[in-house]
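Shown next, in structure tokens, is the structure this report addresses.
The values are calculated or read from the model by the stated rules, or taken from the named source; none is laboratory data. Worth saying up front: this structure is predicted, and the values here are computed from it rather than measured. Glycine also receives a Cβ, built like all others from the backbone with ideal geometry; neighbour counts cover every protein chain displayed.
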Amino acid sequence: MAGGRAGEERAAGGSVSPGAAEEPGKPRWIVITADVIGSRAVEPKGALMGALAESLEAFNRAWAGLIAVPFSGAAGDEVQGVLVPGVEAFAMVRRLRWAARQAAVRPALRLRVGIGWGTIDTPMQAASSWEMDGPAFHRARQALARAGEVRGETTRFSGPDPEHEAWVNVTLSLVDAIVQRWTQAQWEAVDAYERRGTYAAAASEVGVALQNVQKRCAAARWPVIREAERALGRSLERAAPVER
């Protein structure tokens with residue numbers, strides 16, 4: 001699994017630094033590598049990966065237009081996939097976390113996330129991301145290792161431009177500080193409102209009054225989070241263009 005444990009060994013060896021040269025003309029992709037926090041405490045025992053796989057299948061279907069290589073689990077408690085870079089790329093991290101929270105296990109799953117932005121050396125037609133390799137995978141693994149240095153549902157980013165990387169990680173830290181405080185009701189309200197587009201439709205789906213959805217989204221600081229996600233996504237278009 002080049003994108004998994006083998007990639008971890010290469011990343012740990014420091015073979016790909018954030019500013020490492022990439023093959024000219026190759027497009028960059030966003031690789032997400034995540035692991036489940038406290039996976040040994042999940043109940044029922046042995047149900048984690050099966051329940052997570054079901055949630056990931058639904059996630060892949062719902063957001064297929066933004067996913068280059070579907071998300072899947074491996075290594076006992078890890079999740080990985082490849083995203084199309086763009087304005088929605090960082091919002092997909094939040095959506096992935098919500099998908100994990102809906103897995104049929106207890107307690108609700110929480111993810112530690114590493115984001116790698118870079119080129120990919122192997123064909124994009126691989127059966128799964130775990131069979132793929134390249135700088136984007138190494139950076140995602142490095143970012144996940146750094147996320148593991150902080151408690152909680154932390155997100156870290158690694159890319160080819162050190163200045164851009166630093167700005168992204170500061171912004172992600174601020175976003176994490178807000179989202180980590182969301183209640184289950186706030187997660188549900190934000191998800192329903194984002195998908196349905198109006199408070200009335202979201203309220204009908206969740207089964208509460210319209211005003212309650214509005215209050216939950218406001219308490220979650222949803223407009224601020226959404227704008228931050230979009231700003232992060234737009235920044236990919238301006239930072240460290242691929243040499244041609």
ask   = Yes or no: residue 68 of a type outside the set (Ser, Thr, Tyr), surrounded by fewer than 18 Cβ atoms within 10 Å (Cβ to Cβ) and in a strand (DSSP E or B)?
value = yes
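Across the range 34-57, which residue is surrounded by the most Cβ atoms within 10 Å (Cβ to Cβ) among those that are among the small types (Gly, Ala, Ser) and farther than 15 Å from residue 93 by Cα? Full working, then the answer.
So the first thing to find is which residues in the range 34-57 are among the small types (Gly, Ala, Ser), and the list is 34, 38-39, 41, 46-47, 50-51, 53, 55.
Going one step further and asking which of them are farther than 15 Å from residue 93 by Cα, we end up with 38-39, 41, 46-47, 50-51, 53.
Numbers: 38: 10, 39: 16, 41: 10, 46: 8, 47: 14, 50: 13, 51: 19, 53: 14.
Looking at residues that are among the small types (Gly, Ala, Ser) and farther than 15 Å from residue 93 by Cα, I get 51.
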inquiry  = Please go through the range 150-159 and give me each residue that is part of a loop (DSSP other than H, G, I, E, B) and modelled with pLDDT of 95 or more, ordered by number.
reply    = 154, 159
remark   = When residue 233 is run through (1) of a type outside the set (Val, Ile, Thr); (2) part of a helix (DSSP H, G or I); (3) free of Cβ contacts under 8 Å to residues at least 60 places away in the same chain, the failure sits at (3)
request  = Quickly run through the range 143-153 and pick out the residues that are surrounded by fewer than 24 Cβ atoms within 10 Å (Cβ to Cβ), in contact with a Gly (Cβ under 9 Å, 6 or more places away or on another chain) and either closer than 20 Å to residue 28 by Cβ or of a type outside the set (Gly, Ala, Ser) (or both).
outcome  = 146
note = When every residue in the range 181-215 that is in contact with a Lys or Arg (Cβ under 9 Å, 6 or more places away or on another chain) and polar (S, T, N, Q) is compared, the one farthest from residue 102 (Cα to Cα) is 204
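If we scan the range 166-173, do we find a residue that is surrounded by 14 or more Cβ atoms within 10 Å (Cβ to Cβ), closer than 30 Å to residue 75 by Cα, touching a helix residue (DSSP H, G or I) at 6+ places or on another chain (Cβ under 9 Å) and among the hydroxyl-bearing types (Ser, Thr, Tyr)? Lay out the reasoning, then the answer.
We begin by selecting, within the range 166-173, every residue surrounded by 14 or more Cβ atoms within 10 Å (Cβ to Cβ); these are 167-169, 171-172.
Filter once more, keeping what is closer than 30 Å to residue 75 by Cα: 168-169, 171-172.
Those left that are additionally touching a helix residue (DSSP H, G or I) at 6+ places or on another chain (Cβ under 9 Å): 168-169, 171-172.
Subset that is among the hydroxyl-bearing types (Ser, Thr, Tyr): 171.
Yes: one or more hits.
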request  = Taking residue 120 as meeting all but one of (1) in contact with a Ser or Thr (Cβ under 7 Å, 6 or more places away or on another chain); (2) in a loop (DSSP other than H, G, I, E, B); (3) β-branched (Val, Ile, Thr), write down the number of the exception.
outcome  = (1)
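Name the residues in the range 74-94 that are in contact with a Leu (Cβ under 9 Å, 6 or more places away or on another chain) and either part of a loop (DSSP other than H, G, I, E, B) or surrounded by fewer than 22 Cβ atoms within 10 Å (Cβ to Cβ) (or both), would you?
76, 77, 84, 85, 86, 87, 88, 89, 90, 91, listed by residue number.
Hey, can you tell me all the residues within the range 1-59 that are among the β-branched types (Val, Ile, Thr) and at pLDDT below 90?
16, the sole residue that qualifies.
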query = Which of the residues belonging to the range 29-75 are touching a residue at least 60 places away in the same chain (Cβ under 8 Å) and in contact with a Pro (Cβ under 6 Å, 6 or more places away or on another chain)?
reply = 30
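Name the residue that is farthest from the chain's Cα centre (by Cα), counting only residues in the range 122-141 that are among the small types (Gly, Ala, Ser) and surrounded by 14 or more Cβ atoms within 10 Å (Cβ to Cβ).
First, the residues of the range 122-141 that are among the small types (Gly, Ala, Ser): 126-129, 134, 136, 140.
This time we only want the ones that are surrounded by 14 or more Cβ atoms within 10 Å (Cβ to Cβ), so: 126, 128-129, 134, 136, 140.
Numbers: 126: 20, 128: 17, 129: 14, 134: 18, 136: 14, 140: 10 Å.
Looking at residues that are among the small types (Gly, Ala, Ser) and surrounded by 14 or more Cβ atoms within 10 Å (Cβ to Cβ), I get 126.
May I ask you to verify whether residue 156 is in contact with a helix residue (DSSP H, G or I) (Cβ under 7 Å, 6 or more places away or on another chain), under 25 Å from residue 225 (Cα atoms) and among the charged types (D, E, K, R)? Quick ask: steps written out before the conclusion?
Working: in contact with a helix residue (DSSP H, G or I) (Cβ under 7 Å, 6 or more places away or on another chain): yes; under 25 Å from residue 225 (Cα atoms): yes; among the charged types (D, E, K, R): yes.
Yes; evaluated as a whole, the condition is true for this residue.
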